[in-house]
Amino acid sequence: MSTLDTLKLVAVKKPTHTPTVVIRRQKLASKVWEQIQLAKSQIEGTQFVVKKFRSFTDKESGLRKQVEIPKRIREWWFKNEQGKVCVAIKYGTRVLELAKGKHSIEVASADDLIKALELVKQAVELGELDTQLEQASVGVRKSFKK
């Protein structure tokens with residue numbers, strides 16, 4: 001008996017092209033994850049920092065350099081007139097319409113905000129917001145056309 005006989009072998013190749021709907025889900029899920037971490041850090045009183053690389057040309061040597069800088073993350077939540085916390089889910093700069101005419105989720109406290117964001121992330125990963133993502137991406141593409 002060989003070593004490979006102990007493994008389950010399948011005839012599947014890695015796909016060469018990832019569908020756009022999957023890319024959109026991953027993008028939104030990562031942004032929701034950032035919001036969850038930002039909310040948790042504000043509750044704990046710590047600072048949440050995501051780093052990104054920025055390329056620039058050095059004026060003295062003329063070489064391109066990369067510098068790691070903190071990424072600016074804006075909060076998606078705000079307080080309404082009644083003092084409750086509301087969170088609007090964004091895809092790029094577009095606010096997603098979660099239900100007909102409803103763009104925000106209202107929660108009572110910061111702990112509930114984290115729970116709501118985790119539920120939204122789960123819904124995104126399951127594909128429940130695919131139609132809203134499609135509408136938002138069409139709107140984003142239209143803004144680039146002149």
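The values are calculated or read from the model by the stated rules, or taken from the named source; none is laboratory data. In this text, all values refer to a predicted model and were calculated from it rather than measured experimentally. A quick note on method: Cβ atoms are made from the backbone with ideal geometry, for glycine too, and the neighbour counts reach across all protein chains shown.
Taking the stretch 1-28 as the region of interest, how many residues are assigned to a loop (DSSP other than H, G, I, E, B) and either aromatic (Phe, Trp, Tyr) or over 30 Å from Ala88 (Cα atoms) (or both)?
Taking the stretch 1-28 and keeping what is assigned to a loop (DSSP other than H, G, I, E, B), we get 1-3, 7-19.
Right, trim to either aromatic (Phe, Trp, Tyr) or over 30 Å from Ala88 (Cα atoms) (or both) and you get 1-3, 7-17.
Here the count works out to 14.
Evaluated against (1) of a type in the set (Phe, Trp, Tyr); (2) more than 20 Å from Glu125 (Cβ to Cβ); (3) touching a helix residue (DSSP H, G or I) at 6+ places or on another chain (Cβ under 9 Å), Phe56 falls short on exactly one condition, (3).
Okay, residues lined up against (1) hydroxyl-bearing (Ser, Thr, Tyr); (2) out of contact with any Asp or Glu (no Cβ under 9 Å at 6 or more places or on another chain); (3) farther than 23 Å from Val85 by Cβ:
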residue: Gly101; (1), (2), (3): no, yes, no
residue: Ile105; (1), (2), (3): no, yes, no
residue: Ser109; (1), (2), (3): yes, yes, no
residue: Leu119; (1), (2), (3): no, yes, no
residue: Ala123; (1), (2), (3): no, yes, no
residue: Leu129; (1), (2), (3): no, yes, no
residue: Val138; (1), (2), (3): no, yes, yes
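Considering only the stretch 22-33, I want to know if a residue exists there that is closer than 16 Å to Leu133 by Cβ, β-branched (Val, Ile, Thr), exposed (fewer than 12 other Cβ atoms within 10 Å of the Cβ) and within 20 Å of the chain's Cα centre (by Cα). Checking the stretch 22-33: not a single residue is closer than 16 Å to Leu133 by Cβ, β-branched (Val, Ile, Thr), exposed (fewer than 12 other Cβ atoms within 10 Å of the Cβ) and within 20 Å of the chain's Cα centre (by Cα). The strands (runs of 3 or more DSSP E) falling completely within the stretch 76-122 that include 3 or more residues that are surrounded by 12 or more Cβ atoms within 10 Å (Cβ to Cβ), modelled with pLDDT under 95 and among the hydrophobic types (A, V, I, L, M, F, W, C) map to 85-88.
Taking the criterion of being under 16 Å from Glu34 (Cβ atoms), modelled with pLDDT of 90 or more, surrounded by 11 or more Cβ atoms within 10 Å (Cβ to Cβ) and of a type in the set (A, V, I, L, M), would at least one residue in the stretch 123-136 satisfy it? Reasoning before the result, please.
Step one: list which residues in the stretch 123-136 are under 16 Å from Glu34 (Cβ atoms), which gives 124-125.
Filter again for modelled with pLDDT of 90 or more, leaving 124-125.
So of that shortlist, the ones also surrounded by 11 or more Cβ atoms within 10 Å (Cβ to Cβ) come out as 124-125.
Applying the additional criterion that residues be of a type in the set (A, V, I, L, M) yields 124.
Checking the stretch 123-136: at least one residue is under 16 Å from Glu34 (Cβ atoms), modelled with pLDDT of 90 or more, surrounded by 11 or more Cβ atoms within 10 Å (Cβ to Cβ) and of a type in the set (A, V, I, L, M).
Flag not set for Lys51, criterion: under 20 Å from the mean Cα position of the chain (by Cα), at pLDDT 90 or above and assigned to a helix (DSSP H, G or I). Summed over the stretch 121-135, the residues that are free of Cβ contacts under 8 Å to residues at least 12 places away in the same chain and among the aliphatic types (A, V, I, L, M) give a count of 2.
Could you go through the stretch 64-75 and let me know if any residue there is assigned to a helix (DSSP H, G or I) and not acidic (Asp, Glu). Taking every residue of the stretch 64-75 in turn, none turns out to be assigned to a helix (DSSP H, G or I) and not acidic (Asp, Glu). Residues that are in contact (Cβ under 8 Å) with a residue 12 or more places away in the chain, polar (S, T, N, Q), in contact with a Phe, Trp or Tyr (Cβ under 7 Å, 6 or more places away or on another chain) and closer than 22 Å to Glu34 by Cβ: does the stretch 101-109 have at least one? No, that holds for no residue.
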